[in-house]
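For reference, the structure discussed in these notes is given below.
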Amino acid sequence: MSTTKFSLLKERFDFIVERDSSDHLAVNCPVEHFSAFFLALRDDFGYDLLSCVTAVDWDVQSPRFTGIYHLLSTATHQYIRVAVDCLDDIHPSLPTLSYLFPAADWHERETYDLYGIRYTDHPNMRRILMWDDYPYYPLRKDFPLAGIEVPFPAADVAESANAKVLPAPMMGGPFVSSADGSLRDCEPVAKDESWTEKQEAH
């Protein structure tokens, strides 16, 4: 089935290249054809649900960063995985998909937060987990597993007056929405608030 689907896509988009994949159809798409390809996947090939946006840091390779997208056809229940290389290893960026798939809004913000990939024309391109001035990208290969000690943005989150630095992040997921309403109006918070509760009890 994936071979037939790829053949249909290849007939129209000769620039795509099939990727090795053990589960779903997977293709590489050059960034210069990004918008046209994703629009056709949605409108002409039935991939109407964007389920995931993430990235890969290849470390010493170039291009260093690759955006990864998973789309689902809710009619045929088939997935496609699309990989798009970032052309700049120092300041990686990709076009936003938020105008085609509203779900891309938070997915792209999370990928920016953790990998440092900026999504051009995104309506709210800022961090979603770490604070805005956090200087690192925790899922990059050069970020140590133990974290990096950095000053917190406000004194009231430090454990004591003498605690100037702590490993980040201070709380892990899973993260849940804090309110009802549009995605843009309700920031996610950690489901495990024990760290916060411990500080408030002191």
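Each value in this text was obtained by applying a stated rule to the coordinates, not by laboratory testing. Values in this document were obtained by computation on a predicted structure and should not be read as measured data. No Cβ is skipped: glycine too gets one built from the backbone with ideal geometry, and neighbour counts run over all protein chains shown.
What to note about this one:
- Model label sites at Ser62 and Ala201, defined 7 Å from Cα along the beta-carbon direction, differ in position by 5.3 nm.
- Cα gyration tensor of region 1-115 - equivalent ellipsoid semi-axes, whole Å, descending: 22, 16, 13
- Burial ordering of His122, His24, fewest other beta-carbon atoms within 10 Å first: His24, His122
- Of the chymotrypsin sites (Phe, Trp or Tyr not before Pro) found in region 1-76, no site is in coil according to DSSP while having at most 11 other Cβ atoms within 10 Å of its Cβ.
- Amide hydrogen proximity for Ala55: with H placed 1.01 Å from N in the peptide plane, the residues at 5 or more positions away or on another chain lying under 5 Å are Ile68.
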